[in-house]
Amino acid sequence: MPKIRIYKIAEQFGIPTSELIDILKDLGAEVKNHMSSIDDDLVELIKEEIDYRRKRAEELQKKKERTITIDAPVTLRDAAKLFNQDLDDIIIRLADWNIIFDTRNPLPPLALEKLAREQGWEIEWKEDVKKKILEAISFEPQPRPPVVTILGHVDHGKTTLLDAIRKSRVAESELGGITQKIGAYQIEINGQKITFIDTPGHEAFTSMRARGAQVTDIAVLVVAADDGVMPQTEEAIQHARAADVPIIVAINKIDKPGANPDRVKQQLAERGLVPEEWGGETICVNISALQKKGIAELLEMILLQAELLELKARKEGHAVGTTIESRIDRGKGPVATVIVQEGTLRVGDYFVAGTTWGKVRSLFNDLGKPMKEAEPSTPVEVVGFTDLPPAGTKLMVTESEKIARIIAERRAEIAREKNLKTPERELISLEELFA
Ligand code: GDP
Ligand code: MG
């Protein structure tokens, strides 16, 4: 086999012999010095290795040129300068990603990384800058009440149950004076709160999920004990499963002569909802919504389930919520019921909600009483929208009117463009989809 001296090869490839010796050692060849010889069939392998190393060195160099080292917190304004971008454009991107920000605060590390990547840059963080930023902008999540939706087949007793629960929160004597104003309410038992969404459970659930909004933590599935599992019961099970929401079953109308709770349990078990007392994981409570029996036990089970879920949200910082219904009020203009999900919503806050925006002029609780602020899981009526937001719209508080307006207007623009391009698709209503 022809031999070739290695200094010759080094010359041929234009690299120092020392580097070639390194390569040869890496390849497992035995080399003593630059006068050593190697088999010439190794030359091809060496060429490949040199090409590979060159390419890698180039890539590394390129990456280095496209890497920004961050050694101190970066605000939104700093980022705009850094990437030579319009501040408004950056604001819109962050809103698209549902990232909560404040132009006066450091940008969340993830937001900065995403922005950089879009511009073809990599971020290299110095020491504990990332940690410092997170410490400055994050808030400790606090326990929050569960948000519950009631689902089930028509006439199985959803409305009756919601009424029974609502009435359980006040003394009988006060009953006459209570009128619920909005499609959600909150009760308190033994100092623990539960929020119920009172819009026609099924529709609210499906339409909001179709918009990607998820506000429910727990689904209560009402099944009439005299009727059993019906088509909408099955649909409800599917929706809750798709949303990954735990189901508590309320077997209703147990006061009726034809009631057969065991048959209901059998039907549920056949659909994968095996009752606890049969060794499964599904909590089933026998109730009579009409006679208000079993309500306390059902509420207890909801609280128990909520505890297992360890529901938490931050209370500080800009509020985020979801609209569950909206309407035009003669005196107040466009109003919406919002479930606050993060932060605290306050009178005076500017906000953006989909393609609309506004300033919170007033807040009302479920009994129509004015409130100054609303914490996570609280349902509130919000007055101050410039336009009517559809149910299932995410609402996000912004630091200024200008920012709220910029985001809403740009979204409206994008929606208009999309509408022009695909008019047919926009016309399919949810009612049709779920008919
Ligand atoms: P929804 O369609 O699921 O909201 O059902 P509703 O709450 O409107 O109830 C349908 C019918 O069932 C009404 O006539 C209720 O009075 C009746 N109903 C609801 N719960 C009970 C119950 O626990 N026992 C009996 N006997 N009737 C009930
Ligand atoms: Mg009803």
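The values are calculated or read from the model by the stated rules, or taken from the named source; none is laboratory data. As the structure is a computational prediction, the values presented were derived from the model and not from experiment. All Cβ positions, even for glycine, are placed from backbone atoms using ideal geometry, and neighbour counts span all protein chains on display. Side chains included, ligands, DNA and RNA excluded: accessible areas come from the protein's heavy atoms. Shrake-Rupley method; radii C 1.70, N 1.55, O 1.52, S 1.80 Å.
On the given criteria, is Ser326 part of a strand (DSSP E or B), under 27 Å from Ile187 (Cβ atoms), over 25 Å from the mean Cα position of the chain (by Cα) and among the hydroxyl-bearing types (Ser, Thr, Tyr)? It is false that Ser326 is part of a strand (DSSP E or B), under 27 Å from Ile187 (Cβ atoms), over 25 Å from the mean Cα position of the chain (by Cα) and among the hydroxyl-bearing types (Ser, Thr, Tyr). A residue that is over 30 Å from Ala353 (Cβ atoms), away from ligand 1 (no atom under 14 Å from the Cβ), touching a strand residue (DSSP E or B) at 6+ places or on another chain (Cβ under 8 Å) and open to solvent by 30 Å² or more (accessible area, probe 1.4 Å) occurs nowhere in segment 227-247. I'd like the full set of residues that are over 16 Å from Ile247 (Cα atoms) and away from ligand 2 (no atom under 16 Å from the Cβ), limited to segment 280-294. Those that are over 16 Å from Ile247 (Cα atoms) and away from ligand 2 (no atom under 16 Å from the Cβ): Ser288, Gln291, Lys292, Lys293, Gly294. Open to solvent by less than 40 Å² (accessible area, probe 1.4 Å) and part of a strand (DSSP E or B): does that describe Pro389? No; evaluated as a whole, the condition is false for this residue.
Filtering segment 357-386 to residues that are among the acidic types (Asp, Glu) and open to solvent by 70 Å² or more (accessible area, probe 1.4 Å) leaves Glu373, Glu375. Please tell me if Asp41 is of a type outside the set (Phe, Trp, Tyr), touching a residue at least 40 places away in the same chain (Cβ under 8 Å) and more than 30 Å from Asp102 (Cα to Cα). Yes.
Summed over segment 268-319, the residues that are among the hydroxyl-bearing types (Ser, Thr, Tyr) and within 30 Å of Ala136 (Cα to Cα) give a count of 0. Taking the numbered list (1) more than 16 Å from ligand 2 (Cβ to nearest atom); (2) of a type in the set (S, T, N, Q); (3) modelled with pLDDT of 95 or more; (4) out of contact with any Leu (no Cβ under 6 Å at 6 or more places or on another chain) in turn, Gln238 passes all entries but (3). Here Leu87 clears all of (1) touching a residue at least 24 places away in the same chain (Cβ under 8 Å); (2) farther than 30 Å from Glu19 by Cα; (3) in contact with a Lys or Arg (Cβ under 7 Å, 6 or more places away or on another chain) except the condition numbered (1).
Restricting Ile182, Ile165, Ile150 to those that are open to solvent by less than 60 Å² (accessible area, probe 1.4 Å), β-branched (Val, Ile, Thr) and either more than 13 Å from ligand 1 (Cβ to nearest atom) or modelled with pLDDT under 85 (or both) reduces the list to Ile182. Looking only at residues in segment 273-290 that are assigned to a loop (DSSP other than H, G, I, E, B), open to solvent by less than 90 Å² (accessible area, probe 1.4 Å) and touching a residue at least 12 places away in the same chain (Cβ under 8 Å), the one that is farthest from Pro145 (Cα to Cα) is Leu273. For segment 232-252, does any single residue satisfy the condition of being farther than 16 Å from Ile150 by Cα and either in a strand (DSSP E or B) or without any contact (Cβ under 8 Å) to a residue 12 or more places away in the chain (or both)? No: zero hits. Looking at Thr160, is it of a type in the set (Ser, Thr, Tyr), at pLDDT 60 or above and surrounded by 20 or more Cβ atoms within 10 Å (Cβ to Cβ)? No; evaluated as a whole, the condition is false for this residue. Of the candidates Thr159, Thr103, the single residue that is among the hydroxyl-bearing types (Ser, Thr, Tyr) and assigned to a helix (DSSP H, G or I) is Thr159.
Per-residue answers, yes or no, for (1) in a helix (DSSP H, G or I); (2) among the aromatic types (Phe, Trp, Tyr); (3) loosely packed, with under 10 Cβ neighbours inside 10 Å; (4) at pLDDT below 85:
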{"position": "Val31", "(1), (2), (3), (4)": "no, no, no, yes"}
{"position": "Glu44", "(1), (2), (3), (4)": "yes, no, yes, no"}
{"position": "Lys47", "(1), (2), (3), (4)": "yes, no, no, no"}
{"position": "Arg56", "(1), (2), (3), (4)": "yes, no, no, no"}
{"position": "Lys64", "(1), (2), (3), (4)": "yes, no, no, yes"}
{"position": "Arg77", "(1), (2), (3), (4)": "yes, no, no, no"}
{"position": "Ala80", "(1), (2), (3), (4)": "yes, no, no, no"}
{"position": "Gln85", "(1), (2), (3), (4)": "no, no, no, no"}
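If the condition is being out of contact with any helix residue (DSSP H, G or I) (no Cβ under 7 Å at 6 or more places or on another chain) and modelled with pLDDT of 95 or more, then segment 242-256 contributes Lys253, Asp255, Lys256. Within segment 131-147, the set of residues being open to solvent by 80 Å² or more (accessible area, probe 1.4 Å) and part of a helix (DSSP H, G or I) comprises Lys131, Lys132, Leu134, Glu135.
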